[in-house]
Amino acid sequence: HKEKSFSLKTMEDGKVHLHLNSVNARESKIPYPWLVFNEKIKVNSVFLRDSTAVSDSVVLLFGGKISKDG
């Protein structure tokens, strides 16, 4: 059994897990702070499939409109 050194949360579901067939599920660490995914599956827990780790700069460039609060 391999310990995972990270946990994942979504705003909608709270704690989620990577699907066991996902390539990222085999990793002990995700190299970037953001994870985008294509599909969520709820069985006993919520699992993410088709995930890709992305950097802050990618989120800034392709994440949509940016606005300043206040």
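Some observations on this one:
- For the chain: lysine pairs under 21 Å (alpha-carbon distance), excluding those fewer than 8 apart on one chain: 13
- Computed on protein heavy atoms with a 1.4 Å probe, the accessible areas place Thr10, Thr52 in the order Thr52, Thr10, largest first.
- Using a probe of 1.4 angstrom and keeping all protein chains present, the accessible surface of the chain works out to 86 square angstrom per residue.
- Selection from Asn44, Asn24, Val54, by position along the positive dipole direction of the chain (Cβ): Asn44
- Here the accessible area of the chain is 53 percent carbon and sulfur, with a 1.4 angstrom probe and all protein chains present.
- Length-normalised contact order for the chain - Cα pairs under 8 Å, 6+ apart - percent: 26 percent
- Cα-centred dipole magnitude for the chain, charges only on beta-carbon of K, R (+1) and D, E (-1), debye, nearest 20: 120 debye
The values are calculated or read from the model by the stated rules, or taken from the named source; none is laboratory data. Please read these numbers as outputs of a predicted model, since none were measured by experiment. When we count neighbours, we look across all protein chains shown, and the Cβ atoms used for this are built from the backbone with ideal geometry, even at glycine. Keep in mind that these areas ignore ligands, DNA and RNA; they rest on the heavy atoms of the full protein, side chains included. Shrake-Rupley method; radii C 1.70, N 1.55, O 1.52, S 1.80 Å.
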